[in-house]
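Asker: Pasting a structure here, questions to come.
The values are calculated or read from the model by the stated rules, or taken from the named source; none is laboratory data. Treat the numbers as computed from the prediction; the structure is a model and nothing was measured. A quick note on method: Cβ atoms are made from the backbone with ideal geometry, for glycine too, and the neighbour counts reach across all protein chains shown. Calculation scope for accessible area: heavy atoms of the full protein, side chains included, ligands and nucleic acids excluded. Shrake-Rupley method; radii C 1.70, N 1.55, O 1.52, S 1.80 Å.
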Amino acid sequence: MAQIFPEWTNRLPLFSAGAVFMFLAGVIGFFWYYGSPKYTDVGYRPTQPVPYSHKLHAGDLGIDCRYCHTMVETSPTANVPPTKTCMNCHTLILPQSEKLLPIRESFANRTPMRWVRVHKLADFVYFNHSAHLSAGVGCADCHGNVAEMEKVTQMQPLSMSWCLDCHRNPEQHLRPREDLTNMKWTPPADQAAFAKRVIEEKHINPPTDCSGCHR
């Protein structure tokens, strides 16, 4: 009796299984990359109600981060400065600037400015700014060199794996206290010895278990 199907059709199930595997791997890979914070969040740069330039204030003028974010060393959160902080300077500097009209109105009406938040963790994540600064982690490690940014841009994914990488190997992220807000700081040649000494003195032991961040 003649064969109904040619011999090559015997390999169709194998080819079909391979095609299905490749398709599923492609779908998983697509969402793994394009759905990750590294792709969806890094580069986020919203337009603010006032064109505040960190490059001008923190970079060219050299204003320390802590002048505006006053509670960052003592509080879990890095506060957004109140309008009064802006008016400390702009009562005299560019007092009639059209760009600063929302600031003047906010100050006169005693209503807060509605800044657009750039760096935001999920509500189920606990992060303490003061603990990290106390350990010696600088602003630029998480926020990038904001002193060169006209608009603040998210530079890191702030994902769980990204945080864990630092918690497991914090040595390269620890710096002297006087360099916490130094945007151009780089680890020196003796960083390993310095980090070892700081870890021992401050008893630094970053948590890597779930309860460290999910409370």
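Asker: Quick one: Cα centre-to-centre distance for region 106-126 and region 87-105, in angstrom?
Answerer: Region 106-126 and region 87-105 have Cα centres separated by 20 Å.
Asker: Measuring from centroid to centroid over Cα atoms, what is the spacing of region 173-194 and region 1-53 in Å?
Answerer: Rounded to whole Å, the Cα centres lie 41 Å apart.
Asker: Could you compute Rg(Cα) / (2.2 N^0.38 Å) for region 119-215, with N its residue count?
Answerer: Dividing the Cα radius of gyration by 2.2 N^0.38 Å gives 1.10.
Asker: Return the FRET efficiency for the residue pair residue 196, residue 99: r is the Cβ-Cβ distance, R0 is 45 Å, and the value is rounded to the nearest 0.05.
Answerer: So, using R0 = 45 Å, E works out to roughly 0.40.
Asker: Keeping all protein chains in place, calculate the accessible area per residue for the chain (probe 1.4 angstrom), answer in Å².
Answerer: Using a 1.4 Å probe on heavy atoms only, each residue of the chain averages 71 Å².
Asker: Stretch residue 209-residue 121 to full length: gain in nm at 0.36 nm per residue minus the Cα-Cα span? Don't jump to the answer; show the numbers that get you there.
Answerer: Numbers: separation 88, 0.36 × 88 = 31.68 nm, distance 1.78 nm.
Fully extending the segment from residue 209 to residue 121 adds 29.9 nm.
Asker: Return, ordered by residue number, the residues of region 51-91 whose backbone nitrogen is under 14 Å from a label point located 7 Å along Cα→Cβ of residue 108.
Answerer: 91
Asker: Here's something else I'd like to know. Compute the relative contact order of the chain as a whole-number percentage, counting only Cα pairs closer than 8 Å that sit 6 or more residues apart in sequence.
Answerer: 25 percent
Asker: Where Rh is the Kirkwood radius over the Cα pairs of region 1-160, the temperature 4 °C and the viscosity 1.567 mPa s, what D in µm²/s does Stokes-Einstein return?
Answerer: 65 µm²/s
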